[in-house]
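*Asks:* Quick one: the structure is below, and I'll ask about it shortly.
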Amino acid sequence: MKAIVILISGRGSNMEAIVQRCAAEGWDARIAAVVSDRPGAQGLQFAAERGIATAVVDHRAFADRAAFGAELARVIDGYAPDLLALAGFMRILDNGFVQHYAGRLLNIHPSLLPAFTGLQTHRRVLAAGCKLAGATVHFVTPELDHGPIVMQAALPVHADDDEAALAARVLAAEHVIYPLAVRWFVEGQLDLQGGLVRHRGGASLLLM
């Protein structure tokens, strides 16, 4: 059985989606822990109420990113994870941390990467006049919001969309593709070769 550790900074709605789908679909996996960099993160209560171990590594207690990453990895490794899933985790991770979990560290980003890395993605999509928006699940590499793309969801930008409306529709798509990508990782269906990801069974990695 695979052990999954999920990192959050706030509510953790993608964490909730993964936890719920894991239970409902009977994955050969368990959510070993939910870890936050913020003591008051709402998602910690959700996890605790379901009997999932929780931990906090407060980023404010560390002098630099490397020190924070080292302590975060020490705490995470106590749960012996097969997979680490970033779910609204708002800290930039240092290279040492990323390399430590290479090939078993996933993230979801609210844009069609490699476009619109970083923050304020929906505002920037609207400002650019894009006709498509979406979300991307990817393996994490040291370069921010880059790394082999696992799965994407693409959806149309409506003429009357504002930032909030677009964000809500993209988030709903995230809640579909992230649990699915995690499930495929658990099942050994993701083949990562030469920086490209394919599904071993030929399933589509694009949701439209």
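The values are calculated or read from the model by the stated rules, or taken from the named source; none is laboratory data. Everything numeric in this text was worked out from a predicted model, so none of it was measured. Cβ placement follows ideal geometry from the backbone for every residue including glycine, while neighbour counts extend to all protein chains displayed.
*Asks:* Of the residues Thr136, Thr117, Thr141, which is part of a strand (DSSP E or B), outside the structural domain of Ser13 (by TED's automatic domain parsing) and under 26 Å from Leu83 (Cα atoms)?
*Replies:* Result of the check over Thr136, Thr117, Thr141: Thr136.
*Asks:* Within the range 125-133, is even one residue within 17 Å of the chain's Cα centre (by Cα) and either in the same structural domain as Val186 (by TED's automatic domain parsing) or in a loop (DSSP other than H, G, I, E, B) (or both)?
*Replies:* No - not one qualifying residue is present in the range 125-133.
*Asks:* Between a first residue in the range 148-166 that is farther than 30 Å from Val98 by Cβ and a second residue that is of a type in the set (Gly, Ala, Ser) and at pLDDT 95 or above, which pairs have beta carbons less than 7 Å apart while being 6 or more apart in sequence or on different chains?
*Replies:* Hits for this filter: Val157/Ala133.
*Asks:* Moving to a separate point now. Which residue is modelled with the highest pLDDT, if the candidates are limited to the range 92-102 and must be surrounded by fewer than 18 Cβ atoms within 10 Å (Cβ to Cβ) and part of a loop (DSSP other than H, G, I, E, B)?
*Replies:* Ala102
*Asks:* Out of the range 148-203, which residues are acidic (Asp, Glu) and closer than 21 Å to His109 by Cβ?
*Replies:* The answer is Asp161, Asp162, Glu163, Glu174.
*Asks:* Hey, another quick one. Exactly one of these conditions fails for Ala167: (1) over 16 Å from Gly26 (Cα atoms); (2) part of a loop (DSSP other than H, G, I, E, B). Give me its number.
*Replies:* Status for Ala167: all satisfied but (2).
*Asks:* Something else: List the pairs whose first member sits in the range 45-68 and is in contact (Cβ under 8 Å) with a residue 24 or more places away in the chain, whose second member is buried (at least 16 other Cβ atoms within 10 Å of the Cβ) and of a type in the set (Phe, Trp, Tyr), and whose Cβ atoms are under 9 Å apart, counting only residues at least 6 apart or on separate chains?
*Replies:* Between residues of the range 45-68 that are in contact (Cβ under 8 Å) with a residue 24 or more places away in the chain and residues that are buried (at least 16 other Cβ atoms within 10 Å of the Cβ) and of a type in the set (Phe, Trp, Tyr), the close pairs are Ile52/Phe46; Ala53/Tyr79; His59/Phe68; Arg65/Phe97; Ala66/Phe97; Phe68/Phe62; Phe68/Phe97.
*Asks:* On to the next question. Within 25 Å of Ala181 (Cα to Cα) and over 17 Å from the mean Cα position of the chain (by Cα): which single residue out of Ile76, Ile52, Ile92 fits that description?
*Replies:* Criteria check complete, one pass: Ile52.
*Asks:* Which of the following residues is more than 19 Å from Leu112 (Cα to Cα), not in a loop (DSSP other than H, G, I, E, B) and not aliphatic (A, V, I, L, M): Arg183, Arg198?
*Replies:* Arg183
*Asks:* If you don't mind, there's one more thing I want to ask. Being under 14 Å from Val182 (Cβ atoms) and touching a Lys or Arg at 6+ places or on another chain (Cβ under 7 Å) is the filter here, so list the residues in the range 26-45 that pass it.
*Replies:* Selection gives Trp27, Asp28, Ala29.
*Asks:* Six or more apart or on different chains, Cβ under 6 Å: which pairs go from a residue in the range 180-208 that's surrounded by 10 or more Cβ atoms within 10 Å (Cβ to Cβ) to one that's aromatic (Phe, Trp, Tyr)? Could you list them?
*Replies:* Close Cβ pairs (under 6 Å, with a partner that is aromatic (Phe, Trp, Tyr)) amount to Arg183/Trp27; Val186/Trp27; Leu190/Trp184.
*Asks:* Turning to a different aspect of this structure: Consider the range 129-166. How many of its residues are small (Gly, Ala, Ser), farther than 18 Å from Val197 by Cβ and surrounded by fewer than 17 Cβ atoms within 10 Å (Cβ to Cβ)?
*Replies:* Final tally of qualifying residues: 4.
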